[in-house]
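A short write-up of the structure that comes next.
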Amino acid sequence: MKETKKEVPFFNYPYLFESREEDFIEIFKDIGRRGAYILQKDLTKFESDLAKYCNANYAIGVANGTDAIWLALEAAGIGEGDEVILSSHTYIATAGAVAFVKAKPIPVECKEDWMIDPLAVEAAITSKTKAILPTQLNGRCCDMDALRAIAKKHDLIIIEDAAQALGAKYKGEFAGTMGLAGTISFYPAKTLGSFGDAGAILTNDKELYDKMRFARDHGRNDEGEFIMWGYNSRMDNFQAAILNYKLAYYDDEVKRRREIASIYHKELSELHQIKLPQNPNANVDYFDVYQNYEIMADKREELREFLKENGIGTLIQWGGQAVHSLSKLGFNNISLPFTENFFKSCFMIPLNTSLTNEDVLYVCEKIKEFYK
Ligand SMILES: *Cc1c(COP(=O)(O)O)cnc(C)c1O
């Protein structure tokens, strides 16, 4: 009998380095030999290339995607006594950043495409609400027209958590550029992954740009003068150099991610036991970059176990916990039935650029075999 078992890990971390090992070593040598570790030309170049790539006026490289969010919130003047509305289906970092500036995170429902529900946002607005912090989840944008209309009507700002959505577009606009500011993460497993922690903030607002730029470097302005209290949240120049190199072929990576999503869709959309994310070309308003391929599945635990037995790695996002369910963090008696139901059956199957078509088809074959 033919041996059909393969190993398809959920994410292949060594591949990140091994895929272009020689070039990465050259970059490391170059940085080391120039002694160019902090706030050097590689970071300046990455910031300008990233801004250009996203069609934004400004980009700031910071230490990670979480710092990016709170630096943006703080520069926007969000603080004690303010409420910030976000999706309960997001990483703790989104809510954590709000708590960090001493404001109150208000988690709300997501809708059918698992993005924040604009109706739920509007229903959650109080006199204390200052901002909407939508997560551009799984490499897809929220319904930004609806969110912007609400923000305008109620005089709120929008800061996008676009940690998962570099290059994703909504009606031609890039994730991270549709509000006052937007944030990106370059955590290794993100669509554009560095070799450690790194993040960025995008904005078109010059005043906010300067505030955030100074804040990430001890409150120092271009003349080296300390003009405000600040922090150390600089992106390492080495990470910037790696990201510079990778940004140049990022479009190819996105194309490949969309190809894999298409294969999953083609192979799995007939199964009535699972619900898939949107097909890449389903709606011209959305250009998704497929940070993740998150599905809902009947008999989730049995399916995951079966896939595991067959060498396939899967993951439940956020450890299976929606933000509003984290009672130890002060979220009590909040009922979000749609999100709660979603978390009973959601999980993610592998989607990254280390996968071959054979790997992807193997995953599909095993899922079909399970439900047969
Ligand atoms: C990854 C992620 C973050 C945090 O980014 P880090 O770089 O790990 O700090 C924030 N929000 C979302 C939605 C993320 O997926």
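The values are calculated or read from the model by the stated rules, or taken from the named source; none is laboratory data. Given the structure is predicted, the values throughout are model-derived calculations rather than measurements. With ideal geometry, Cβ positions are generated from the backbone for all residues, glycine too; neighbour counts draw on all protein chains shown.
Tabulated values for the structure
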{"read-out": "Cross-chain or 6+ apart pairs with Cβ under 7 Å, region 53-69 first and on the phi < 0 side of the Ramachandran plot and charged (D, E, K, R), then within 14 Å of the ligand (Cβ to nearest atom) and not in a strand (DSSP E or B)", "value": "Asp67/Ser233"}
{"read-out": "Selection count where residues are farther than 21 Å from Asn244 by Cα and either in contact with a Pro (Cβ under 9 Å, 6 or more places away or on another chain) or not in a helix (DSSP H, G or I) (or both), scope region 55-76", "value": "1"}
{"read-out": "Given (1) of a type outside the set (A, V, I, L, M); (2) surrounded by fewer than 23 Cβ atoms within 10 Å (Cβ to Cβ); (3) over 18 Å from Leu208 (Cα atoms), number of the condition Gln136 does not satisfy", "value": "(2)"}
{"read-out": "Residue under evaluation Ser194, criteria (1) surrounded by 16 or more Cβ atoms within 10 Å (Cβ to Cβ); (2) within 16 Å of the ligand (Cβ to nearest atom); (3) over 21 Å from Gln136 (Cα atoms), criterion not met", "value": "(3)"}
{"read-out": "Qualifying residues in region 326-372 (those that are of a type in the set (A, V, I, L, M, F, W, C) and in a loop (DSSP other than H, G, I, E, B)) - the one surrounded by the most Cβ atoms within 10 Å (Cβ to Cβ)", "value": "Leu351"}
{"read-out": "Check on Ala181, within 23 Å of Leu16 (Cβ to Cβ), surrounded by 21 or more Cβ atoms within 10 Å (Cβ to Cβ) and within 16 Å of the ligand (Cβ to nearest atom)", "value": "no"}
{"read-out": "Within region 150-220, strands (runs of 3 or more DSSP E) holding 2 or more residues that are over 12 Å from the mean Cα position of the chain (by Cα) and not hydroxyl-bearing (Ser, Thr, Tyr)", "value": "157-161, 199-203"}
{"read-out": "Residue count, region 127-143 (criterion: more than 20 Å from Glu74 (Cα to Cα) and either away from the ligand (no atom under 16 Å from the Cβ) or among the acidic types (Asp, Glu) (or both))", "value": "1"}
{"read-out": "Odd one out for Gly32 among (1) touching a residue at least 12 places away in the same chain (Cβ under 8 Å); (2) in a helix (DSSP H, G or I)", "value": "(1)"}
{"read-out": "Residue match in region 226-246 (condition: under 30 Å from Glu369 (Cβ atoms), surrounded by 14 or more Cβ atoms within 10 Å (Cβ to Cβ) and touching a Leu at 6+ places or on another chain (Cβ under 6 Å))", "value": "no"}
{"read-out": "Any hit, region 33-47, residues being touching a Leu at 6+ places or on another chain (Cβ under 6 Å) and either closer than 30 Å to Tyr209 by Cα or not hydrophobic (A, V, I, L, M, F, W, C) (or both)", "value": "yes"}
{"read-out": "Count - residues of region 273-325 that are part of a helix (DSSP H, G or I) and surrounded by fewer than 16 Cβ atoms within 10 Å (Cβ to Cβ)", "value": "7"}
{"read-out": "Sole residue being within 16 Å of the ligand (Cβ to nearest atom) and in contact with a helix residue (DSSP H, G or I) (Cβ under 6 Å, 6 or more places away or on another chain), chosen from Leu50, Leu86, Leu16", "value": "Leu86"}
{"read-out": "Residue list for region 78-126, restricted to those being under 15 Å from Phe331 (Cα atoms) and assigned to a strand (DSSP E or B)", "value": "Glu83, Val84, Ile85, Leu86, Ser87, Lys104, Pro105, Ile106, Pro107, Val108"}
{"read-out": "From the options Ala124, Ala93, Ala103, residue that is among the small types (Gly, Ala, Ser), under 29 Å from Tyr231 (Cα atoms) and away from the ligand (no atom under 12 Å from the Cβ)", "value": "Ala103"}
{"read-out": "Neighbours by Cβ (under 6 Å, 6+ apart or cross-chain): first from region 166-188, under 21 Å from Phe11 (Cα atoms); second within 11 Å of the ligand (Cβ to nearest atom) and part of a strand (DSSP E or B)", "value": "Leu166/Ile184; Ile184/Ala200; Ser185/Gly199"}
{"read-out": "Filter result for the condition that a residue is among the acidic types (Asp, Glu), more than 24 Å from the chain's Cα centre (by Cα) and modelled with pLDDT under 95, over Glu3, Glu26", "value": "Glu3"}
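Every residue, every condition in (1) charged (D, E, K, R); (2) touching a strand residue (DSSP E or B) at 6+ places or on another chain (Cβ under 8 Å), yes or no:
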position	(1), (2)
Glu309	yes, no
Ile312	no, yes
Gly319	no, no
Val323	no, yes
Lys328	yes, no
Asn332	no, no
Thr339	no, yes
Lys344	yes, no
Leu351	no, yes
